[in-house]
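J.: My structure is below; once you've seen it, I'll send some questions.
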Amino acid sequence: MSWKKDLKIKRLRYRSIIPRVLGICFVDAIVIAFVLFFCYLIFLGQINNYLFSSHKDSLDVVQAINTNWNTNTVALNMEIEQVKKRNSNIQDVYIVDDNLNIINSFGSEPISFETVFMDEDVEEDLADHGMVRGELDVDEIALSFFNLKDKIKNVINFVDIVTDKRVIDSLSEEIMFPTQWVLYKTDINNINVCIKNCYPISSYTYNVILVICVCFAAAILVTAVYELRKIGQYILEQKKINKLVSTDTVTGGNNKEYFLQKGARLIRAPRKVAIVQLRLEKYHNFCSAYGVKVGENLLEEIHEKLSSLVGKKELAAHLENADFVLLLYYKTTELLNERLNSIITELTSVRKTQHLLFSAGVCEVKSRNDDINDLLTSVGLAVSKVSESTENIVWFNESMKEEQVWERRIEDDMETAIMNHEFQVYLQPKYSTKGEKLAAAEALVRWIHPKLGFVNPGKFIPIFEQNGFIIQLDDYMLTAVAKLQAKWLSEGKKLVPVSVNVSRAHFTCDDLAEHICRIIDKYKVPHEYIELELTESAFFDDKEVLLKTVRQLKSYGFKVSMDDFGAGYSSLNSLKELPLDIIKLDAEFFRSVDDLTRSNLIVGDTISLAKKLGMQIVAEGIETREQVDFLAKQHCDLIQGFYFSKPLPVSEFEQRAYGV
Ligand code: C2E
Ligand code: MG
Ligand code: MG
């Protein structure tokens, strides 16, 4: 599976859980931010109230000094004490000169104001506010109170403008109890008043904030519970969907998806595991006879039976059509074969009155890292080989895969091969028995592959016959032979008939005779020098079309021969039905014959029969002198075989035929 497809499926499967959780977090974060902001506003409002009241009362202190400093110290003290009582925010009052030396203090122990208020940071801070120590413009310092008011909106800024280092420290430690020093200028020369304000948060504010926080926590809890319920429901829904996805619509049992998912885990078990593809043969036949519904019911019953026959940790699922897949544990190959046979017997008993036939492909899991999809492909390949085997259980082996890989390779390369003229014509001479002279030839294809080198037709012709490419190849060979004949003709050479193989696939073309005629006529080659070899398998196809084509070819003057005569079973029948010119006795007649006398008798009689029907006889695959002598005695016309020559490249054939 490509990673894109994988991702898409995973997304579909686990779709909205993550976005949902993220959504909840997002909504909750917004609620938290909102509540915190609200608390902050309440807190600020509170601070502002304190600031205003403190400023008012601080001005009363300044006023008291202005009035009483030189006249009534007692009254001054009382006034200040009263202000302090009235406004608990005002904690300490220091009377200082312009150089910030403390003259008098009300509140804490009198200490040098320099040490409280002035240290090295102070000068910088004062400078920040446009002031220089020693030349204090107390008005401006007083103004800092109002600057503070502006800046109080931000606690950090508030800390910034406080100039006492220790106050800053205490502020950062107790942010809820900010302390502020304010210096006021009085009307008395060289007398200023420095007031320390502390702004505690009231219990009312605390309570409000607490209530808000509780409400907010409750709100979050409610939404979280609600959302969690929703997620739970969603997970349940998702489980149902997954169940649906892994349920087979035909049998109502497990399907391929289910098998792939579970199987991928189970093949990692530390036991011997095998994957089995079980096929109910002729299912389409069954459906045609009893209807699709009955067919599906049968598959359902088979699936049920299979599920009851596999172990708890084994698997059974329906693939497609009439194919099932099993994951089984086993000890030895023999034991598994026995078990499969008994499973098949059980399955055939599902419908006692109907004859059910099963075949199986088996593949052992060799490593825990095996891919379940690959294993499924392997068993599919193995089960498809049952038709070529005598057994109904076929075990997968690597050569099956190699065959498939080879087929793929051939199919990938064939189009370019024809364009690049990688197919070459080889000619195998046919010799007359009388005088043993080169009298004809057969054109046989050879593939000179740029990477694989020389490839024999046996390795690619069957593949081309299956995929239909043989039609193109046959046309290519016909054209090449016509070109050769035309060349020899133009060079004044005496032509010999050259036969070209025409595959049975070609007989699907309605106008095959005209088609061949067009190719040959393009090069103006006399038709009697072209012979068309039809393999015997072609004679099993539509007889009407075959007869029509053979007649037409003959009417155009081409010679038609039956290749590999005797390799099949209906040879004599086809001799009766088809007006052929030549029959080519199959090489098998002459190969590893146990009873030579019997074989010679058959060959002799076949030759005389064909002769009586007016046909020419060619014997193929002749390798020995004895065979040649025997065939000459039986009046066989031509001999093709390694005894005289192997198939030759064109130049060597020319050498042999024309001596050039
Ligand atoms: P075929 O048409 O019956 O060709 C005869 C085959 O027997 C050739 O094999 C040839 O090399 C081989 N042969 C000839 N004499 C002897 C002998 O004395 N001993 C042995 N052991 N073999 C001999 P080849 O060339 O490998 O071709 C195999 C088959 O492939 C051909 O059988 C034919 O059916 C098919 N084929 C070859 N070329 C073409 C083609 O161009 N088109 C089509 N449709 N089929 C072709
Ligand atoms: Mg042939
Ligand atoms: Mg042949």
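J.: Between the range 498-566 and the range 306-349, what's the alpha-carbon centroid distance in Å?
T.: Centre-to-centre (Cα) distance: 50 Å.
J.: So, one more: To the nearest 20 Debye, how big is the dipole of the range 478-564 about its Cα centre, given +1 on the beta carbon of each Lys and Arg and -1 on that of each Asp and Glu?
T.: Using Cβ point charges on Lys, Arg, Asp and Glu, the range 478-564 gives about 520 debye.
J.: Within the range 460-483, find all residues whose amide N lies under 20 Å from a label point positioned 7 Å from the Cα of F454 along Cα-to-beta-carbon.
T.: From the range 460-483, the list is 460-462.
J.: State the extension gain, in nm to one decimal, for the chain segment bounded by S53 and K401, taking 0.36 nm per residue of separation less the distance between their alpha-carbons.
T.: Values: separation 348, 0.36 × 348 = 125.28 nm, distance 9.39 nm.
Between S53 and K401, full extension yields an extra 115.9 nm.
J.: Moving on. Please list, by residue number, every one of the chymotrypsin sites (Phe, Trp or Tyr not before Pro) in the range 426-503 that is coil in DSSP and has at most 15 other beta-carbon atoms within 10 Å.
T.: Counting only loop positions with at most 15 other Cβ atoms within 10 Å, none of the chymotrypsin sites (Phe, Trp or Tyr not before Pro) in the range 426-503 qualifies.
J.: Right, something else. Using a/c under 1.5 as the rounded threshold, could you call the range 256-398 rounded, prolate or oblate? The axes a ≥ b ≥ c are square roots of the C-alpha gyration tensor eigenvalues, and prolate needs a/b larger than b/c, oblate otherwise.
T.: On the way: a/c = 1.73, a/b = 1.57, b/c = 1.10.
Cα axes put the range 256-398 in the prolate bin.
J.: Here is a further query. Once both labels are modelled 7 Å past Cα along the beta-carbon direction, what's the N66-T416 spacing in nm?
T.: 10.3
J.: Assigning unit charges at the beta carbon (Lys, Arg +1; Asp, Glu -1) and nothing else, what dipole magnitude in debye, to the nearest 20, does the range 576-660 show about its Cα centre? Please list the in-between numbers first.
T.: Numbers: 10 positive and 14 negative charges, 40 e Å.
Roughly 200 debye, rounded to the nearest 20.
J.: Please work out whether the range 566-651 counts as rounded, prolate or oblate from its C-alpha gyration tensor, where a ≥ b ≥ c are the square roots of the eigenvalues and a/c under 1.5 means rounded, while otherwise a/b larger than b/c means prolate and anything else oblate?
T.: Working: a/c = 1.69, a/b = 1.24, b/c = 1.37.
It comes out oblate by the Cα gyration axes.
J.: I need the calculated FRET efficiency for the pair V214 and E304, taking r as the beta carbon distance and R₀ as 41 Å, to the nearest 0.05.
T.: Numbers: r = 60 Å, r/R0 = 1.45.
Rounded to the nearest 0.05, the efficiency is 0.10.
J.: Taking K483 as the anchor, which lysines have their alpha carbon closer than 23 Å to its alpha carbon, excluding any fewer than eight residues away along the same chain?
T.: Partners found: K430, K493, K494, K522, K524, K554, K559, K646.
J.: Taking the Cα centre of the range 422-658 as origin and charging only Cβ (+1 Lys, Arg; -1 Asp, Glu), how large is the dipole, in debye to the nearest 20?
T.: On the way: 29 positive and 34 negative charges, 145 e Å.
Using Cβ point charges on Lys, Arg, Asp and Glu, the range 422-658 gives about 700 debye.
J.: Now for a different question. How would the range 422-658 be classified by its alpha-carbon gyration tensor: rounded, prolate or oblate, with rounded meaning a/c under 1.5 and the a/b versus b/c comparison settling the rest?
T.: Numbers: a/c = 1.38, a/b = 1.18, b/c = 1.17.
It comes out rounded by the Cα gyration axes.
J.: Exactly which GluC sites (Glu not before Pro) in the range 379-418 are in a DSSP loop and have at most 11 other Cβ atoms within 10 Å? Provide the component values of the computation, followed by the final result.
T.: Details: sites: E388, E391, E398, E402, E403, E407, E411, E415; in loops: E391.
Counting only loop positions with at most 11 other Cβ atoms within 10 Å, the GluC sites (Glu not before Pro) in the range 379-418 are E391.
All of the numbers you see were taken from the coordinates with simple rules; none came from a lab. Keep in mind it's a predicted model, so treat the numbers as computed, not measured. Heads up, the Cβs are rebuilt from the backbone with ideal geometry, glycines too, and the neighbour counts pull from every protein chain shown.
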